[in-house]
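Undergrad: Structure provided below as structure tokens; questions to follow.
The values are calculated or read from the model by the stated rules, or taken from the named source; none is laboratory data. Predicted, not measured: the structure shown is a model, and the values here were computed from it. Ideal geometry is used to build each Cβ from the backbone, glycine not excepted, and the neighbour counts take in all protein chains shown.
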Amino acid sequence: MIKDEGKGIAQKKLDDLGKSIVESDTGFGMALLLTHATLERVNGELHLENLAEGGVLSTAVLPIVGLS
């Protein structure tokens, strides 16, 4: 998990982050796009959530393989 202390992300943009290049005043979201694509290749997930106190919580979820 990664938490930042910025102002958060508009909900409209939050839904698209990681799925396409999204231009903002701070960049294009390329790192999130690559992260999302990499996690999808290994059946993982990327969750982005605005926090009530400001900022965004980013969580990468990876599957556990080989346990039986």
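Undergrad: Hey, can you tell me all the residues within the stretch 46-55 that are surrounded by 13 or more Cβ atoms within 10 Å (Cβ to Cβ) and among the charged types (D, E, K, R)?
TA: Hit for the stretch 46-55 is E49, nothing else.
Undergrad: For the stretch 12-56, name all the residues that are over 13 Å from the mean Cα position of the chain (by Cα) and modelled with pLDDT of 80 or more.
TA: R41, V42, N43, L51, A52, E53, G54, listed by residue number.
Undergrad: Checking V65 against (1) modelled with pLDDT of 85 or more; (2) part of a loop (DSSP other than H, G, I, E, B), which test does it fail?
TA: The one condition V65 does not meet is (1).
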